[in-house]
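Beneath this line is the structure, given in structure tokens, with notes to follow.
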Amino acid sequence: MADLPARWAALGLLRPRSQPLPEGARARLAHLAELRDIGGPSEAARAGAEFAGERWFRADLLGVRPWLTPDVGAREVVPAVLRAEWTGFLALLGEHGPWVYAPDIRALQELSGAYAALVTAARSAPEPAVLLAAERSLTLGAHRTLLVRLEATPYRQPTRAGADAAALHDLETMFWTLAGTQAAQAHARWQARR
């Protein structure tokens with residue numbers, strides 16, 4: 001157990017569970033924390049300017065969109081997504097969750113459900129399982145840090161029947177696969193219409 005802090009630090013989390021969860025916040029870990037309707041270039045530019053300083057903003061949006069150039073800046077990422085996929089909803093799923101861009105409300109609900117499944121499973125899992133799953137996920141992409149982000153807070157309430165590392169890794173992989181599939185489909189539809 002002594003190596004757990006060092007392993008978290010290697011994933012970029014120097015102080016696990018150091019960010020407090022205010023009263024009621026545990027129940028809102030998977031709820032929408034931010035939502036913007038991106039209906040055109042001006043909304044995209046405003047959202048890019050507003051959220052450019054958010055730590056995972058750029059990485060989350062670019063991580064599932066290989067057709068966008070990797071040097072797109074944080075302020076320009078939403079306008080770039082708009083140009084590639086057209087209108088949609090920019091959202092932050094939970095205060096410690098991922099940034100997503102979904103083409104419609106149904107797609108946003110699917111993403112929210114997939115993220116909520118990960119949060120629910122991780123909440124009851126023991127720390128070693130969460131850590132191992134986080135290590136496995138991070139090898140698949142720099143933006144795959146959902147478990148690391150959650151571990152910054154004291155969100156876990158382990159149980160004997162908690163999820164194992166494989167199940168947690170699968171849930172995070174399913175979330176990012178869904179986000180990538182939705183983005184690719186929106187991109188393909190928009191390209192076909194142009």
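The values are calculated or read from the model by the stated rules, or taken from the named source; none is laboratory data. Small disclaimer: the values here were computed from a predicted structure and weren't measured. As a convention, Cβ positions derive from the backbone with ideal geometry for all residues, glycine included, and neighbour counts pool all protein chains shown. Keep in mind that these areas ignore ligands, DNA and RNA; they rest on the heavy atoms of the full protein, side chains included. Shrake-Rupley method; radii C 1.70, N 1.55, O 1.52, S 1.80 Å.
When you scan the range 153-170, do you find a residue that is part of a helix (DSSP H, G or I), closer than 20 Å to residue 57 by Cα and hydrophobic (A, V, I, L, M, F, W, C), even just one? Explain how you work it out, then say what you get.
Pass one, the range 153-170, residues part of a helix (DSSP H, G or I): 165-170.
From the residues that got through so far, the ones that are closer than 20 Å to residue 57 by Cα too are none.
Checked the range 153-170: no residue is part of a helix (DSSP H, G or I), closer than 20 Å to residue 57 by Cα and hydrophobic (A, V, I, L, M, F, W, C).
Is the range 133-146 home to any residue that is open to solvent by 60 Å² or more (accessible area, probe 1.4 Å) and assigned to a helix (DSSP H, G or I)? Explain how you work it out, then say what you get.
At the first step, the residues of the range 133-146 found to be open to solvent by 60 Å² or more (accessible area, probe 1.4 Å) are 136, 139-140, 142.
Of the ones still in play, those that are also assigned to a helix (DSSP H, G or I) are 136.
Yes, the range 133-146 contains at least one residue that is open to solvent by 60 Å² or more (accessible area, probe 1.4 Å) and assigned to a helix (DSSP H, G or I).
Considering only the range 157-186, state which residues are among the charged types (D, E, K, R) and either over 14 Å from residue 137 (Cβ atoms) or open to solvent by 50 Å² or more (accessible area, probe 1.4 Å) (or both).
160, 164, 170 - these are the residues of the range 157-186 that are among the charged types (D, E, K, R) and either over 14 Å from residue 137 (Cβ atoms) or open to solvent by 50 Å² or more (accessible area, probe 1.4 Å) (or both).
Which one of these is touching a strand residue (DSSP E or B) at 6+ places or on another chain (Cβ under 6 Å), modelled with pLDDT of 95 or more and either open to solvent by 10 Å² or more (accessible area, probe 1.4 Å) or not in a loop (DSSP other than H, G, I, E, B) (or both): 72, 81, 119, 77? Break it down stepwise before answering.
Numbers: 72 fails: touching a strand residue (DSSP E or B) at 6+ places or on another chain (Cβ under 6 Å); 119 fails: touching a strand residue (DSSP E or B) at 6+ places or on another chain (Cβ under 6 Å); 77 fails: touching a strand residue (DSSP E or B) at 6+ places or on another chain (Cβ under 6 Å).
Exactly one residue qualifies, and that residue is 81.
Residues of the range 30-68 being of a type in the set (A, V, I, L, M, F, W, C), more than 17 Å from residue 102 (Cβ to Cβ) and in a helix (DSSP H, G or I), which ones?
Correct list: 45, 49, 59.
Has the range 89-96 got any residue that is closer than 14 Å to residue 34 by Cα, open to solvent by 30 Å² or more (accessible area, probe 1.4 Å), in contact with a strand residue (DSSP E or B) (Cβ under 8 Å, 6 or more places away or on another chain) and in a strand (DSSP E or B)?
For the range 89-96, residues closer than 14 Å to residue 34 by Cα, open to solvent by 30 Å² or more (accessible area, probe 1.4 Å), in contact with a strand residue (DSSP E or B) (Cβ under 8 Å, 6 or more places away or on another chain) and in a strand (DSSP E or B): present.
What residue, among those in the range 13-25 that are open to solvent by less than 40 Å² (accessible area, probe 1.4 Å) and at pLDDT 90 or above, is farthest from residue 155 (Cα to Cα)?
Top of the filtered list is 13.
Given the criteria on the phi < 0 side of the Ramachandran plot and in a loop (DSSP other than H, G, I, E, B), does residue 108 qualify? Give the steps one after another, and end with the answer.
Working: on the phi < 0 side of the Ramachandran plot: yes; in a loop (DSSP other than H, G, I, E, B): no.
Taking the combined requirement at face value, the residue does not satisfy it.
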